[in-house]
Ligand SMILES: [Zn+2]
């Protein structure tokens, strides 16, 4: 009964009065309700990470900052660098449409910092109502050092005589531990490897497709802070003439070889079109595989003396030859042959050219059944078109050990061995490595004279 009493009293206010009271009560309750929902939905702070995680940095070093907020989304991202009383904004982003995750890059180039310590601050803010609508923020505060001095890099070896398609060895020192160092040839990079003596050994190529006047290798070093230094060193570039070879493609060849490649290019039905596709597109893909394999290398030389080759073989196709492909008398393609084709008896046993570890076993595009052996410092040998393989990836092999048998798998014209030498994936002329005098004069003697004395 008592409960009913206020009811009766309320009735006396009348329906309009009730409506006014209800509205007056509802509005703030509603707003609080919405606010509560937001709070429940996003009380989590944004996540923010900075890459790379380093203490010393150059003005050029590029940082990546990643911020995420699965609740309400990222509203803004601000990066500042402070030194003494000065503060510089190096990145300021605000997102009109809130983002679940953002990825931005910045460097310190715009900040007028002096060398030495400074404070880097990253602030990521989400779009929640938290903080009276200002959002929820996450900070990264990091004391860092601005390092403005690039490493010094100096060649110890004198003049490097290089023949087009061939290899040179430079031995150098770097004044401080580099992030990476080596030789740049155009945009191709050949890494150097630090030895116990403190010196770096770098095998680098004078690529077949670079003209003598354009061959300007530079020593390169980048420290962990991102400071770079390049230096010229003395090189004598010797031009080499390469052969032209003609290859005739018959219908029999297409009928025998193309079905094996059909599944790679299901859209290409015509056998001749498929041949051209394989000869070009698949060749580029093989090159990319070789570049990746080139990074799987020992930092120390694994080879031992001159390299050996397929015994009793004759050369069918030479390194660097420009091959013109003809079909029914008409030229249909042109490609550079970057290995040596050696023919012996069918299914002849194939020796490992030198000591090393097997880094690839399997089917490799044009080369068919293939083995790649790493000899260290980025130097690798490739054995293509094999009919049989007797080694496993990861296995260490010794010079002369039989690794398989010749065959005609892949895009091969009859039973032969395609023997290739690659340096960080760049194919180079194999004969230099078979030549005991070249090896002594250009590699072994240099290591003895310049690479083995520990630095004081
Ligand atoms: Zn070949």
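Modelled spin labels at residue 448 and residue 345, positioned 7 Å past Cα toward Cβ, are 3.9 nm from each other. Normalised by the number of residues in region 47-146, the average gap of Cα pairs under 8 Å and 6 or more apart makes the relative contact order 32 percent.
Relative to one another, the C-alpha centroids of region 167-191 and region 284-309 are positioned 17 Å apart. Under 18 Å from a point 7 Å along the Cα-to-Cβ line of residue 175: which residues of region 57-78 have their amide N that close? Flagged as within label range: 57-60. If r is the Cβ-Cβ distance from residue 284 to residue 132 and R0 is 60 Å, what FRET efficiency results, to the nearest 0.05? After rounding to 0.05, the efficiency reads 0.55.
The angle separating the long axis of helix 283-294 from the principal Cα axis of greatest extent in the chain is about 80 degrees. Across the chain, the relative contact order, built from alpha-carbon pairs under 8 Å that are at least six residues apart, equals 12 percent. From helices alone, the chain scores -5000 deg cm²/dmol at 222 nm; the rule is -39500 (n - 2.57) for each run of n ≥ 4 DSSP H residues, then divide by the residue total. Can you tell me the FRET efficiency between residue 109 and residue 250 if r is taken as the Cβ-Cβ distance and R0 is 51 Å, rounded to the nearest 0.05? The value I calculate is 0.25. The angle between the Cα long axis of helix 15-41 and the main principal axis of the chain comes to about 30°, on a 0 to 90 degree scale. Taking the centroid of alpha carbons for each part, region 45-73 and region 194-211 are 35 Å apart. Take the Cα of residue 96, step 7 Å toward its Cβ, do the same at residue 269, and the gap between the two points is 5.0 nm. Here 202, 336 are placed in order of increasing Cβ neighbour count within 10 Å, fewest first, which gives 336, 202. Estimated from the Cβ-Cβ distance and a Förster radius of 35 angstrom, the FRET efficiency linking residue 441 and residue 214 is about 0.90. The length gained on full extension between residue 187 and residue 318, counted as 0.36 nm times the residue separation minus their Cα-Cα distance, comes to 44.5 nm. Annotation for residue 238 and residue 363: the two label points, set 7 Å from Cα along the Cα-Cβ direction, are 4.3 nm apart. Take the Cα of residue 88, go 7 Å toward its beta carbon, and the backbone nitrogen atoms of region 137-180 under 15 Å from that spot belong to 144-149. Entry note, region 244-428: relative contact order of 24 percent, from Cα contacts under 8 Å with a spacing of 6+ residues. Helix 4-13 axis versus longest C-alpha principal axis of the chain: approximately 90°, rounded to the nearest ten.
Here the gap between residue 64 and residue 141, fully extended at 0.36 nm per residue and compared with their Cα-Cα distance, gives a gain of 26.2 nm.
Taken together, the values in this text are just the output of simple stated rules run on the coordinates, not laboratory data. It should be emphasised that the depicted structure is a prediction, and the values quoted were computed from it without experimental measurement. Here the Cβ is made from the backbone with ideal geometry for all residues, glycine too, and neighbour counts use every protein chain on show.
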